[in-house]
Every structure is written in structure tokens, then in C-alpha cells.
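The values are calculated or read from the model by the stated rules, or taken from the named source; none is laboratory data. Predicted model only: the values in this text are computed from it and were never measured. FYI the Cβ positions are ideal-geometry reconstructions off the backbone, even for glycines, and counts take in every protein chain you see.
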Amino acid sequence: MIFLGIYSLLMIPLFLAALHVAFTNNQLSQKLLAHARKPALIMIGLLISVLGLVPIYTSDYPQKVTVREEWSGNTDGLVHIFSDERLPLQVVHDLNGQEGKSQFLPILNEFSPISVDTSVVEKNKNSQRTLDISFKLNYISEPYIIRFKLESAHPFEIQTDDFLPMAKLPKKIELKGVQQPSGNYSIILQRTPPHKKIIHLAVETQGIITCTIEAMFPDLSPRLKIQNTLLSVDYQIQFNKSYDI
């Protein structure tokens, strides 16, 4: 700021000289204005465009920030603070982090909000695997969504009454893995409350299948709370764990 003030003072004689030339030589000033018209219009247009790209947040239109506890299996969790735009400098400074759209903080000596016990019964017939999978979910507070993602390099089919009442649906509705651009087959099953503590899946496949469990909880008492009138903070808790069966 000191150097900026000094250089601003040094520019005063230059501006005074330019004004003197403009008043004493009208022809020269008119030529300069004529040549400077197009560059000035281009610079003004670029300045307006750049200012339109800079987000300005107010208390009525705050920046959306998510504070999410992320747990993966039995490992220690992380607090993930992220936004679509760069996080405010004050928030980054309070977290002792680096500038950017995302920050991570470790959660030490804490337990995961959910534990999963898995049992699998496998039968093989003519190179076709039939898997009877049971997931026992143990949690204190009920998640607002539970999501199962199944993926395999081979086609597979699922039978379950915990996500769709298969006995009451027409036969044309089938739960099958959909081939993705990568070549693998995958499907996502999800449900909202009320949840069951035990979920059964019967899977028919020819190869290894990867099952990823994801549960989302509301965070009613966040361990990290951000108070800023220019921010709209969404607090979440996420759990995910993968099994290769």
C-alpha cells in the first residue's frame, strides 16, 4: 500500500502534462481521442465481462459451503469442507489451510457412525455364481438415505425385496447391471427411511462383483461449525465401504 501511494503521487505530474497538452493543442488531442476510441471500448467491454465473472455474495445470496464428515470402513474419518467457488480467505485462515475450493481436517480417536457386518453364501452351477448376501447395519441414528452400488466386469442380475417388492412387480421389471462406457456393468439401489437393519441381496453373476455401501446422515451437532453471514453451510455425515465378493 505504501508503494502504491508513492507511485500514485508520481503519476500526478504526468496527468497534469497530459491535460496541458490537451488544452493547448486541440488537434493533437482530437487525434489521440479518435485513435483511443476503439481500444477504450474494448477495454471497457473486457472489464465489464471480467467483473461479471467474479461472484459477489451477500447475506441474501450467500455462498454455498458443505461441511461433511467422511468415513470409510474402520479408518479414521475426515472433515471435508468444500464449495463450488474458492473458500473465503477468513475460513481458510481459521482452518490453517491453503487457498482453494476444498479443505480436509482429520478426525482422530472417534468411531464411525455406522458399522456393517456382512455374510455371503455362494453357490456355483455351470460357471454361474449365485450369491446370497446379507448386510447387517448397526447405527444409532437413522440415515436419511442408504445407497448400494454394485459393479462387475460381467453381466449380473439382482433379486431383492428390500429395495423393490419384486413379488408384486411385473416380470418385465428386472434389476440388472447396465453396461457403462468403461465396459463394466453397474447399478445403484437406494432407499429412504424407514430402513431395515438387515438387507438381503441375491445376485447371479459369472465373476467378481464389487458392492459399495453408502449412507448419508444429517449432522445435527457438527464438530466443526462455521459462522459467517455470507455463507450458507450444509452439514452432512457420509459413510462408505466397499466389498469385493
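Observations on the structure shown:
- Scanning segment 113-165 for residues that are of a type in the set (Phe, Trp, Tyr), part of a strand (DSSP E or B) and within 25 Å of the chain's Cα centre (by Cα) returns Tyr139, Phe148.
- Check on Gly100, of a type outside the set (Ser, Thr, Tyr), in contact with a Leu (Cβ under 8 Å, 6 or more places away or on another chain) and exposed (fewer than 14 other Cβ atoms within 10 Å of the Cβ): yes
- For segment 127-145, the set of residues classified as touching a Phe, Trp or Tyr at 6+ places or on another chain (Cβ under 7 Å) and of a type in the set (S, T, N, Q) consists of Ser141 only.
- Selection within segment 96-112 - in a loop (DSSP other than H, G, I, E, B) and either modelled with pLDDT under 85 or among the polar types (S, T, N, Q) (or both): Asn96, Gly97, Gln98, Leu108, Asn109, Glu110, Phe111, Ser112
- Pairing each residue of segment 111-128 that is within 29 Å of Lys197 (Cβ to Cβ) and exposed (fewer than 10 other Cβ atoms within 10 Å of the Cβ) with any residue that is modelled with pLDDT of 85 or more and not aromatic (Phe, Trp, Tyr), provided the two are 6+ apart or on different chains, yields no C-beta distance under 9 Å.
- Annotation: of all residues in segment 177-188 being touching a Phe, Trp or Tyr at 6+ places or on another chain (Cβ under 9 Å) and modelled with pLDDT under 90, the one that is nearest to Val121 (Cα to Cα) is Gly177.
- Residues in segment 69-95 that are charged (D, E, K, R) and part of a loop (DSSP other than H, G, I, E, B) were compared, and the one that is nearest to Cys211 (Cα to Cα) is Asp76.
Listed here are the residues, each with its yes/no results for (1) in contact (Cβ under 8 Å) with a residue 40 or more places away in the chain; (2) closer than 19 Å to Val79 by Cα.
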site	(1), (2)
Ala153	yes, no
Asn184	no, no
Pro194	yes, no
Ile198	yes, no
Thr205	yes, no
Thr210	yes, no
Pro218	yes, yes
Ser221	no, yes
Ile226	yes, yes
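- Annotation note: of Thr66, Thr130, the sole residue that is within 30 Å of Ile158 (Cα to Cα), in the same structural domain as Lys225 (by TED's automatic domain parsing) and of a type in the set (Val, Ile, Thr) is Thr130.
- Extreme residue, farthest from the chain's Cα centre (by Cα), among residues of segment 219-243 that are within 15 Å of Arg68 (Cβ to Cβ) and of a type in the set (Val, Ile, Thr): Ile226
- Residue pairs meeting the criteria (Cβ under 7 Å; at least 6 apart or on separate chains; first without any contact (Cβ under 8 Å) to a residue 60 or more places away in the chain and in a strand (DSSP E or B), in segment 228-245; second of a type in the set (A, V, I, L, M, F, W, C) and exposed (fewer than 15 other Cβ atoms within 10 Å of the Cβ)): Asp244/Ile208
- Flag if Val79 is under 18 Å from Lys225 (Cα atoms) and under 17 Å from the mean Cα position of the chain (by Cα): yes
- One residue from Leu46, Leu33 being surrounded by 10 or more Cβ atoms within 10 Å (Cβ to Cβ), more than 30 Å from Phe239 (Cα to Cα), at pLDDT below 75 and outside the structural domain of Ile237 (by TED's automatic domain parsing): Leu33
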